[in-house]
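K.L.:
Pasting a structure here, questions to come.
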Amino acid sequence: MSRNIFDYIIEDRLPFFWCEGCGNGIILKSIAQAFADLELDQKNIVVVTGIGCWGKADDYLKTNCLHVTHGRALAAATGVKAVNPKLKVVVLMGDGDGLTIGGNHFIHAARRNLDLTAIVSNNFNYGMTGGQYSGTTPEDSFTSTSRYGSIEPPFDVCELAKSAGASYVARSTVYHVKPLEKYIKAAISKKGFSLVDVINICPTHYGRLNNMKSSVEMMEWLKNSSTTKIEEGNIYERKFAIGEFADVEKLDFSTKYVEVQKKAKEKYK
Amino acid sequence: MTDVKFLQGNEACVEGALKAGAKFYAGYPITPSSEIAELASRKLPACDGVFIQMEDELGSMAALVGASMAGAKAFTATSGPGISLMSENIGLAIMTEAPCVVINVQRSGPSTGLATKPAQADIMQARWGTHGDHAMIALYPTTVQECYDLMIKAFNFAERFRTPVFFLSDETVGHMREKLVLHDDIPIIDRPFPKVAPEDYKPYLAGEDKVPPMAHFGSEYLVHASSSMHDETGYPNNKPENADKVIRRLYDKIYDHLDEIIITKEFNLQDADVVFVACGVSARSSREAVQILRQEGIKAGLLQLNTVWPFADEKVKEVAKNAEMIFVPEMNLGQMINEVKRVVGDKPVYGINKVDSTIITPYDIIEKVKGVRGDV
């Protein structure tokens, strides 16, 4: 049965509430497209969201959804997946939600290698609360709480996930939609912890304070600041490498846990 | 065949949880509750359940909600410092109406405090630890047997009312060893499953008893659950009338069913002039004090609260009616006593309080009673 994005997105709820020029709609459409291409049953998908602009994505979805507290989406998803490994569990987090307040859950979810798909909408600031700096805000950026320029270096989300043990790690931007769709599909299909870091635009806050007053200017910026050569990327200099950073085969948590259950049953039979 | 064992209170909690049908535990190690995690990690996988040690208590409690929404009976155990962190997502469990059981083996605080020493200072934290208006069910065992029996009831209440249930224990009850009968006498209750057609299902539409039937992720029903204010569909609804309806329903679904939830035990109350109201290790000492005082001719009795929250207003009122004076022994500077004072009117109520990290002994209680009565 052929499926399309409106098997997953509630058409009646459009347009999205996100600001004019925000890239979240592009990411959500790419996710729905991946669901459709993979012919996933809505009842077999659980989308877990945190708090923030991107955390509102579940408002538009007709899959199972669990919208939780700030930073805890991966932890809640861990419980969902642990008790029902057959479910496709997709976790949507912003950079503030997933990498800053939720940073501890992020590295441990990657290390644990439970079969979850994390999709980070990374727009370098807390959009919902007025554009404050986050754990991925590039150094020297201006935000509503770094009006003299941020003095904190950012996380490289992909390098962090990779070194923490994720099975699949990729990055694209909302300008580069084709690779974005490809990586999201690969991430959902991958058994093990997978991450797609999506560099997003926030013309309302980050763009406005950093000399990019429109979404067009921000899209130009993404186009000019990106490279498909991973070795040439440098997040600290706002040079975004697009591509797959990791794609490794290793046993996921649930597969290993079946062995734990066997051993326990042997002990207590 | 009914199994008889000699176990710790903490171990009995795990036996009760497994009997109730627990399939998921997520937690973070902390004294004096760690035996619960250790035994759960050994036994849950043997029952097709999953044990997972999370990176912290914030994540543990979030994982509990996820597992519960995916259909598993879920529990965790910690102590006060862990509850401080879990409080965030205890609110999540209240709002998403995710059944789960949270054990707090209380230790001496504040903060890290005295990690290995008992206290009963988290009584109000259990009631109001998470922000916002809400109801809370909290059970408190006094014996190892009650750790088992009440744990089954804690799961039953969680499932029946779709709510997190606190299981307040204390270091003394958690670590003492007593005889435990692993009986089958308590019926096991599962969450109410929807009966409507999948296309008609609204995950937060409740009937008369105010508890919405619960489908899980992966069933034939689609479920939309949210920490944010939502209506019967589970999707956001910010209208004032909706918020009012939801917050009142979440509260009423507990307070409309107090007759099912309040569990107390009475000892020598028929003719008691001196009434103790206590829970946990302090109820044990009170019971002993009742025996000694009666041998000395003082008519004492004990109301043991096994349900701490909601507070047993009616029962406390009833036992206070014919009492001359009421004593509330508790290992804090006075938490439960204020609830007792709230309901007993003009009766004199005296606290017996200890915060030096040692338990209140029967002799501490007797001394206080005699002092107030002028017997010494």
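The values are calculated or read from the model by the stated rules, or taken from the named source; none is laboratory data. Keep in mind it's a predicted model, so treat the numbers as computed, not measured. For neighbour counting, all protein chains shown are included, and Cβ atoms are generated from backbone atoms with ideal geometry for every residue, glycine included.
K.L.:
Within the range A:205-213, is there a residue that is modelled with pLDDT under 95 and either more than 19 Å from residue A:94 (Cβ to Cβ) or more than 14 Å from chain B (Cβ to nearest Cβ) (or both)?
P.N.:
Yes: the range A:205-213 contains one or more residues that are modelled with pLDDT under 95 and either more than 19 Å from residue A:94 (Cβ to Cβ) or more than 14 Å from chain B (Cβ to nearest Cβ) (or both).
K.L.:
Of the numbered conditions (1) under 19 Å from residue B:106 (Cβ atoms); (2) small (Gly, Ala, Ser); (3) out of contact with any Gly (no Cβ under 6 Å at 6 or more places or on another chain), residue B:22 fails exactly one; give the number of that condition.
P.N.:
Of (1) under 19 Å from residue B:106 (Cβ atoms); (2) small (Gly, Ala, Ser); (3) out of contact with any Gly (no Cβ under 6 Å at 6 or more places or on another chain), only one is false for residue B:22: (1).
K.L.:
Could you tell me which residue of the range B:190-238 is farthest from the chain's Cα centre (by Cα), considering only residues that are charged (D, E, K, R) and within 12 Å of chain A (Cβ to nearest Cβ)? Lay out the reasoning, then the answer.
P.N.:
Keep residues of the range B:190-238 that are charged (D, E, K, R), which gives B:190-191, B:195, B:199-200, B:202, B:208-210, B:220, B:231-232.
Retained after the next criterion (residues that are within 12 Å of chain A (Cβ to nearest Cβ)): B:199, B:220.
Values: B:199: 37, B:220: 33 Å.
Result: B:199.
K.L.:
Here's something else I'd like to know. Restricting to the range A:159-204, name every residue that is among the charged types (D, E, K, R) and in a loop (DSSP other than H, G, I, E, B). So that I can check it myself, show each step before the final result.
P.N.:
From the range A:159-204, those among the charged types (D, E, K, R) are A:159, A:162, A:171, A:178, A:181-182, A:185, A:190-191, A:197; that's our starting set.
Passing the criteria: A:190, A:191.
K.L.:
Go through the range B:199-235 and report how many residues are buried (at least 18 other Cβ atoms within 10 Å of the Cβ) and not in a loop (DSSP other than H, G, I, E, B).
P.N.:
Of the residues in that region, 4 qualify.
K.L.:
Quick one: in the range B:168-186, which of the residues that are assigned to a loop (DSSP other than H, G, I, E, B) and either touching a residue at least 24 places away in the same chain (Cβ under 8 Å) or β-branched (Val, Ile, Thr) (or both) is farthest from residue B:70 (Cα to Cα)?
P.N.:
So, considering only residues that are assigned to a loop (DSSP other than H, G, I, E, B) and either touching a residue at least 24 places away in the same chain (Cβ under 8 Å) or β-branched (Val, Ile, Thr) (or both), the one farthest from residue B:70 (Cα to Cα) is B:176.
K.L.:
Shifting gears a bit: Condition first: in a loop (DSSP other than H, G, I, E, B), over 11 Å from residue A:91 (Cβ atoms) and touching a residue at least 24 places away in the same chain (Cβ under 8 Å). Now tell me which residues in the range A:46-74 satisfy that.
P.N.:
The answer is A:51, A:52, A:53, A:62, A:63, A:70, A:71.
K.L.:
Looking only at residues in the range A:63-88 that are surrounded by fewer than 24 Cβ atoms within 10 Å (Cβ to Cβ) and more than 7 Å from chain B (Cβ to nearest Cβ), which one is farthest from the chain's Cα centre (by Cα)?
P.N.:
From the range A:63-88, those surrounded by fewer than 24 Cβ atoms within 10 Å (Cβ to Cβ) are A:70, A:84-88; that's our starting set.
This time we only want the ones that are more than 7 Å from chain B (Cβ to nearest Cβ), so: A:70, A:85, A:88.
Values: A:70: 14, A:85: 20, A:88: 15 Å.
If we take residues in the range A:63-88 being surrounded by fewer than 24 Cβ atoms within 10 Å (Cβ to Cβ) and more than 7 Å from chain B (Cβ to nearest Cβ), then A:85 is farthest from the chain's Cα centre (by Cα).
K.L.:
Does residue A:253 satisfy being among the aromatic types (Phe, Trp, Tyr), crowded, with 18+ Cβ neighbours inside 10 Å and within 14 Å of chain B (Cβ to nearest Cβ)?
P.N.:
Criteria met by residue A:253.
K.L.:
Let me ask something else. List every residue pair whose Cβ atoms sit under 7 Å apart, with the two residues 6 or more apart in sequence or on different chains, where the first one lies in the range A:114-142 and is among the β-branched types (Val, Ile, Thr) and the second, anywhere, is surrounded by 24 or more Cβ atoms within 10 Å (Cβ to Cβ) and in a loop (DSSP other than H, G, I, E, B).
P.N.:
A:136/A:124; A:137/A:124
K.L.:
Going residue by residue through the range A:211-226, is there one that turns out to be at negative phi, among the β-branched types (Val, Ile, Thr) and surrounded by 19 or more Cβ atoms within 10 Å (Cβ to Cβ)?
P.N.:
no
K.L.:
While we're on this one: Counting only residues that are within 18 Å of residue B:22 (Cβ to Cβ) and either of a type in the set (Lys, Arg) or within 12 Å of chain A (Cβ to nearest Cβ) (or both), how many does the range B:76-88 have?
P.N.:
2
Okay, residues lined up against (1) surrounded by 24 or more Cβ atoms within 10 Å (Cβ to Cβ); (2) more than 10 Å from every other protein chain (Cβ to nearest Cβ); (3) of a type outside the set (A, V, I, L, M):
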position: A:6; (1), (2), (3): no, yes, yes
position: A:10; (1), (2), (3): no, no, no
position: A:20; (1), (2), (3): no, yes, yes
position: A:36; (1), (2), (3): no, yes, no
position: A:49; (1), (2), (3): yes, no, yes
position: A:56; (1), (2), (3): no, no, yes
position: A:90; (1), (2), (3): yes, yes, no
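K.L.:
Could you tell me whether the range B:96-111 includes any residue that is in the same structural domain as residue B:229 (by TED's automatic domain parsing), at positive phi and either among the small types (Gly, Ala, Ser) or touching a Gly at 6+ places or on another chain (Cβ under 7 Å) (or both)?
P.N.:
Yes - at least one qualifying residue is present in the range B:96-111.
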